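In what follows, a structure is listed as structure tokens, so that the remarks can point back to it.
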Amino acid sequence: MLTYEVKRWEETASGLGDYRATLFSAPDAFNMARGRNRHLRVNSATFPLIGTSLLSVASSGHDIDLADDNFLTIMLPTRGVTRVRMDRTQRVITEGGVLALGPSERWTQVDPRGNRDFRANVAKIDLKRVGQGKVFPGVATDPLVPISTAALEGFRGLMRYLFTDLSSPAPTLVHQPASDLFAALVLEHLRHLLASDGADPARDGSQDDLVRRALDYMSAYAGDPLTVRTIADAVGVSTRRLQDAFRLKTGRTPWEHLTGIRLENARTRLLAAAGPSVTAIAFDCGFSHLGRFSQTYRNTYGEAPSVTLTRARDAARAARPAIRIEPTQIG
């Protein structure tokens, strides 16, 4: 289940306080940049099931020196500049950029560059917890991990949705099953983001049977927090082999097929008014990103899911027989 925590530190006239208590890592050295109105805020959403934490960071500027032995870290600045130095190499990431690093010793500096604060989203994957090769092929001797640019915008959107929901007065993602479903969605996005081209292709004659068995499994467990890895394990093949078989036989990815199955299930339930709300039906059918569900549903069926549900309820009320009370004669 997702755990959400917000830590803030602001420098005040009455005392500096302990900004180190705000940190999400144990650094060898950490220093806030000089200046007035220094501050640091870290919002963290932790998904124990997938050994991953997603962070939203705002800082007036700081530098940090650490030896990170266990984590794959993905940095996505949204305001300001990040500088990362490893050995004699320095990397500079500006707004809209990305840098993924495996276990390494490094010095990192964040700079608001004229803004009130620096901001970034960060993903930290515990490699000991998830195991090497489960989320991505593995960390090479070079700590720089390749990123699929095609999957980057989708991951950014996922992070925005997460922290918008968690900062709202009534967040949905802190509750099950939404948190488990969203964890599966995060894991799927990470796999696309860190995808490698070196996996085994599916070239044998059993592809039709493989696709059929995978579709049967998706249909049976569509409401569960599935990932492509889960489906591949269920049918006894590697993730890449499953993806290649679907691409060659259907022209679509396993995830697209799973989304289609979930969408059909949601449509059936909405038409039958089989649920207290659109949100409840979406969660029951395996969706955790309600905005994306609503948009996909509208694109597919030409109307919002709330319109379908309202029309179904109106039709059900109209079909009920009217209760007529006959006058009773007394005497």
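The values are calculated or read from the model by the stated rules, or taken from the named source; none is laboratory data. Bear in mind the structure is a predicted one, so any value in this text is a computation, not a measurement. Here the Cβ is made from the backbone with ideal geometry for all residues, glycine too, and neighbour counts use every protein chain on show. All accessible areas refer to the heavy atoms of the entire protein, side chains included, with ligands and DNA or RNA removed. Shrake-Rupley method; radii C 1.70, N 1.55, O 1.52, S 1.80 Å.
General remarks:
- Pairs where the first residue, in segment 254-277, is closer than 21 Å to residue 316 by Cα and the second is loosely packed, with under 14 Cβ neighbours inside 10 Å and among the aliphatic types (A, V, I, L, M), C-beta under 7 Å, 6+ apart: 273/316
- Cross-chain or 6+ apart pairs with Cβ under 6 Å, segment 292-318 first and hydrophobic (A, V, I, L, M, F, W, C), then assigned to a helix (DSSP H, G or I) and surrounded by 12 or more Cβ atoms within 10 Å (Cβ to Cβ): 293/282; 304/298; 309/270; 309/278; 312/271
- Positions within segment 136-175 being loosely packed, with under 15 Cβ neighbours inside 10 Å and modelled with pLDDT under 85, in sequence order: 138, 140, 141, 142
- Those residues of segment 218-234 which are over 16 Å from residue 180 (Cα atoms), free of Cβ contacts under 8 Å to residues at least 40 places away in the same chain and surrounded by fewer than 18 Cβ atoms within 10 Å (Cβ to Cβ), in sequence order: 220, 233, 234
- Set 288, 294: member being hydroxyl-bearing (Ser, Thr, Tyr) and assigned to a loop (DSSP other than H, G, I, E, B): 288
- Sole residue being in a helix (DSSP H, G or I), under 23 Å from the mean Cα position of the chain (by Cα) and among the aliphatic types (A, V, I, L, M), chosen from 270, 258: 258
- Residue count for segment 285-323 satisfying the condition of being charged (D, E, K, R), modelled with pLDDT under 95 and under 23 Å from the mean Cα position of the chain (by Cα): 1.
- Scanning segment 219-255 for residues that are outside any loop (DSSP other than H, G, I, E, B) and among the hydroxyl-bearing types (Ser, Thr, Tyr) turns up 219, 230, 239, 250.
- Criterion (open to solvent by 20 Å² or more (accessible area, probe 1.4 Å) and of a type in the set (A, V, I, L, M)) met by exactly one of 195, 214, 178: 195
- Residue list for segment 297-315, restricted to those being in a helix (DSSP H, G or I) and not hydrophobic (A, V, I, L, M, F, W, C): 297, 298, 299, 300, 301, 305, 306, 308, 310, 311, 313, 314
- Members of segment 118-135 that are at pLDDT below 90, surrounded by 16 or more Cβ atoms within 10 Å (Cβ to Cβ) and small (Gly, Ala, Ser): none
- Per-region count, segment 275-289, residues farther than 19 Å from residue 165 by Cα and open to solvent by less than 40 Å² (accessible area, probe 1.4 Å): 2
- Test for residue 277: is it of a type in the set (S, T, N, Q) and in contact with a helix residue (DSSP H, G or I) (Cβ under 6 Å, 6 or more places away or on another chain): no
- Filter result for the condition that a residue is over 18 Å from residue 286 (Cβ atoms), in a helix (DSSP H, G or I), in contact with a Lys or Arg (Cβ under 9 Å, 6 or more places away or on another chain) and at pLDDT below 95, over 208, 200: 208
- Where residue 195 falls short, out of the listed (1) at pLDDT 90 or above; (2) under 20 Å from the mean Cα position of the chain (by Cα): (1)
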